[in-house]
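Laboratory data are not the source of any read-out in this text; all were calculated from the coordinates shown. Because the structure is predicted, anything quoted here is derived from the model rather than measured. For neighbour counting, all protein chains shown are included, and Cβ atoms are generated from backbone atoms with ideal geometry for every residue, glycine included.
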Amino acid sequence: MVRWKEFTAEGNTWERKKDLKNAGEALKEFEGRLNTEVRRQEKIDMVEERDFRRGELLGKFMAKMLYR
């Protein structure tokens, strides 16, 4: 999704990466932020999975359900 400078949100368009040759720096910055977010989410998922395997999340969920 490309947000065009000096246009409103209605002017946003989907563009192919190959058609954005003049936006190399912006693409690198975006991909860097995206990769950082993906790595952060993967770490969160790993911790949650580990905790679930230990039964910690299940116990927390059960306690919430019992006391509602």
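Here are some notes:
- For Val2, the residues 5 or more places off, or on other chains, whose built amide H falls under 5 Å of its own are Thr13, Trp14, Glu15.
- Of the trypsin sites (Lys or Arg not before Pro) in region 1-51, those whose Cβ has at most 15 other Cβ within 10 Å and which sit in DSSP loop: Arg3, Lys5, Arg16
- Spacing of the two label points (7 Å from each Cα toward its C-beta) at Ala26 and Met1, in nm: 1.4 nm
- Rounded to the nearest 0.05, the FRET efficiency derived from the C-beta distance between Lys18 and Asp51 at R0 = 35 Å is 0.25.
- Backbone phi angles across region 43-51, fed through the Karplus curve with coefficients 6.51, -1.76 and 1.60 (θ = phi - 60°), yield HN-Hα couplings of 5, 4, 4, 5, 5, 4, 5, 4, 5 Hz in residue order; Gly and Pro are listed as x.
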